[in-house]
Each structure stands twice: as structure tokens, then as C-alpha cells.
Amino acid sequence: MKVRHLIDPCDLTVKEVEELIKLANLLEKSPDKYNSCCQNKILATLFFEPSTRTRLSFESAMHRLGGSAIGFADGNSSSGAKGESISDTIRTVSCYADIIAMRHPKEGSAYVAADVSEVPFINAGDGGHYHPTQTLTDLLTIYNLKNKLDNLVIGFCGDLKFGRTVHSLVKAMARYKNISFIFISPPELIIPDYLKKEVLEKSNIKYYESTSLESEIPKLDILYMTRVQKERFFNESDYIRLKDTYILDSEKLTLAKGDLSIMHPLPRVNEISPEVDSDPRAAYFMQARYGVYIRMALIIKLLGIKEDLC
Ligand code: NCD
């Protein structure tokens, strides 16, 4: 059987995403039913960039399925620091684990890794490119909040140039009916051209760009806030100038719909004021919680474990 990897958010079909969402909701409802699904299976988490949610939710997911996790949280503690190539690291770890999740600062590193991996490989973020498991988390959250993944106006706000969670979610959501996007960012941090030309325009998706959160917020069903990605800037003064361009607070939320959902992949820095956390429209900690269940579902799927045998 061909080994299945997840590199790009569209590596899974719309139908497969639907099945994962269904399974994630079952896993949340009856976790005990699945607690030995992955007995004797090992997940390796190879993180060459900082992470709290992605790495720990992957490991929590594997433990909750009865498996175990090995790995590193800092590339400096791996042989990468001695100059080992990604391919050699992955070839080696393929001998130690049944499934691998890797985060790496270089765009495209996930393709290099998947190419040599003998076991299912999951892209847990490759530079400013894609982050497909955050996208699955986001899709599960949107589905559970709105009971649909179509007919939505979604605003993305903040660093749309470097934010991989934005790139991934835009690509995934472009596959559903009657979706429109409003991209709110400073001119320096607009969404990349390849997404506009190769994804949005090709699929005739309605979108426009704006610099004003206040003027766009009343139109939105979902507001996806993002952090300005400090680590991807070449110049610190640009980061300092741009980092607080948008701060969502209770006052701005008075302009929004009552059923807006406020999402954020986290970590947040200043872009959502803590006073917003108690607003019933805030969905970002719900997103973090769903990260475990959708990753449990993904591990089951990529390992080819039959759910009824769990
Ligand atoms: C995001 C990431 O790493 O891209 N975090 C996450 O995985 N939940 C967002 C970010 O770092 O800003």
C-alpha cells in the first residue's frame, strides 16, 4: 500500500476532510472507545521551530490513542545542528517511528521530507508556506460553530504575507461553495500573489483587499486574526513598525455581527486584547482544544487503522 502523507492542505479531498471532522467529533464524544487504537504505534515529532499547540496536541493525540511519542522540540538538540540534511534525518527517523510530524523554517522542506519518508509524513508547518493540520483544526472549528463550511464571508487580518495558517486555510476553503474572502493587512503584508492567481482567480472566488479592520468587520461571519510573524522579517524595524497595526478589542467588536466567530491559530501577541476572551464570539481556545481531536482522527487515517477495529 502506498504511504499517505499530508503536505498541502488539499492533499486530502473534501470528502476525506468531512470524514475526519466526523471522526474528530466522535473522538471528542467517546474518547474511551478509541484509547487503544494506536497501541504499539510511535509518533515522532521533529520540531525545528518553536511550538506549543501543534507539537503538544500531536503528542497528546497519540497518547490518547494508546500510542507513544518521541522527538525533539528544538532543532539544536538534533543532528541537524551538526549539518545533517532533512532527508537523512527523515530516513533515520522512519526506522524509529510509524508516523512523523515535522515543523521546519524552510518553505518546501516538507516535500523533501515526504519524498524519502518510509512512513506517513505530516507537515506541521514549513516556513511561511503551509500548515495543513492547523487548517484541519480550523475547519473542524468552523464546521462545529456554523454547521457548514460554505456560504461564508471570511476576513483574514494581520500578517497575510508570512502567515502559513492563512495560506493553508485560504486554499482549503476555496474548495467550498459561495465563500468570499476579505484580506485585511498593511500593504507590506498582503496575501501572496500565487494564492490570488493560482487559487482564488482560477476558482472564481470573490475577494478583495483592505487596510481597515473597522470598515470590514461588520460584513464578516468569521474573523481570522493573525500574529505578525516576527521570525520571518529580515529587518527588525519593519517588524516593530507593523506589529501592532491591528488590535481587536471590545470597542471594535461592537461593529461586528452577533454571530461572528473570532478565530486565531495562536500564539497571540497584541492583536487580540484579553478583554475579548470573555466575548461569546471568541473561538480561539476552542480551536486549540479541537487540535487534539482532529490530529487523533488524522493519525488514525494516515496509519490506515480501521475505526471499527479500534
Ligand atoms: C501558528 C504557526 O505556527 O504557524 N501557530 C500554530 O501552529 N497554532 C501561528 C503562528 O505562529 O503565528
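The values are calculated or read from the model by the stated rules, or taken from the named source; none is laboratory data. These numbers were taken from a predicted model, which means no experiment stands behind them. Positions of Cβ are backbone-derived with ideal geometry, glycine not excepted, and every protein chain shown enters the neighbour counts.
When you look at TYR207, is it without any contact (Cβ under 8 Å) to a residue 40 or more places away in the chain, farther than 25 Å from ASP277 by Cβ and surrounded by fewer than 16 Cβ atoms within 10 Å (Cβ to Cβ), yes or no?
It is false that TYR207 is without any contact (Cβ under 8 Å) to a residue 40 or more places away in the chain, farther than 25 Å from ASP277 by Cβ and surrounded by fewer than 16 Cβ atoms within 10 Å (Cβ to Cβ).
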Exercise. Has the range 261-276 got any residue that is loosely packed, with under 15 Cβ neighbours inside 10 Å, more than 16 Å from the ligand (Cβ to nearest atom) and in a loop (DSSP other than H, G, I, E, B)?
Worked result: no
Seminar exercise, completed: Reported set for the range 163-191 where residues are farther than 27 Å from GLU16 by Cα and not aliphatic (A, V, I, L, M) is PHE183, SER185, PRO186, PRO187, GLU188
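From the list TYR246, TYR284, pick out the single residue that is in contact with a His (Cβ under 7 Å, 6 or more places away or on another chain) and in contact (Cβ under 8 Å) with a residue 12 or more places away in the chain.
That would be TYR284, the only listed residue that is in contact with a His (Cβ under 7 Å, 6 or more places away or on another chain) and in contact (Cβ under 8 Å) with a residue 12 or more places away in the chain.
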Exercise. Being touching a Ser or Thr at 6+ places or on another chain (Cβ under 7 Å) and either outside the structural domain of ILE272 (by TED's automatic domain parsing) or more than 16 Å from the ligand (Cβ to nearest atom) (or both), is that true of even one residue in the range 161-171?
Worked result: no
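Return the residues of the range 119-139 that are away from the ligand (no atom under 12 Å from the Cβ) and touching a strand residue (DSSP E or B) at 6+ places or on another chain (Cβ under 8 Å); say none if nothing qualifies. Please lay out each step first, then the result.
Residues of the range 119-139 away from the ligand (no atom under 12 Å from the Cβ): 119-122, 139.
Within the range 119-139, VAL119, PRO120, PHE121, ILE122 meet the criteria.
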Problem set entry | GLY158 being within 13 Å of the ligand (Cβ to nearest atom), small (Gly, Ala, Ser) and under 30 Å from LYS2 (Cα atoms) | no
Problem set entry | For GLY304: the one exception among (1) touching a residue at least 24 places away in the same chain (Cβ under 8 Å); (2) of a type in the set (Gly, Ala, Ser); (3) not assigned by TED's automatic domain parsing to the domain that holds PRO50 | (3)
Exercise. Picking from PHE234, PHE285, which residue would you name as being away from the ligand (no atom under 16 Å from the Cβ), of a type outside the set (Ser, Thr, Tyr) and closer than 30 Å to ASP8 by Cβ?
Worked result: PHE234
Problem set entry | Filtered residues of the range 155-206 (kept if polar (S, T, N, Q) and over 21 Å from GLY127 (Cα atoms)) | ASN178, SER180, SER203, ASN204
Exercise. Is there a residue in the range 44-67 that is of a type in the set (Lys, Arg), assigned to a loop (DSSP other than H, G, I, E, B), touching a residue at least 40 places away in the same chain (Cβ under 8 Å) and surrounded by 15 or more Cβ atoms within 10 Å (Cβ to Cβ)?
Worked result: no
For this session: Please work out if SER250 is touching a helix residue (DSSP H, G or I) at 6+ places or on another chain (Cβ under 8 Å), modelled with pLDDT of 95 or more and over 30 Å from PRO31 (Cβ atoms).
Result: yes
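Take the conditions without any contact (Cβ under 8 Å) to a residue 12 or more places away in the chain and of a type outside the set (Phe, Trp, Tyr) and apply them to PRO265. Does it pass?
No, not satisfied.
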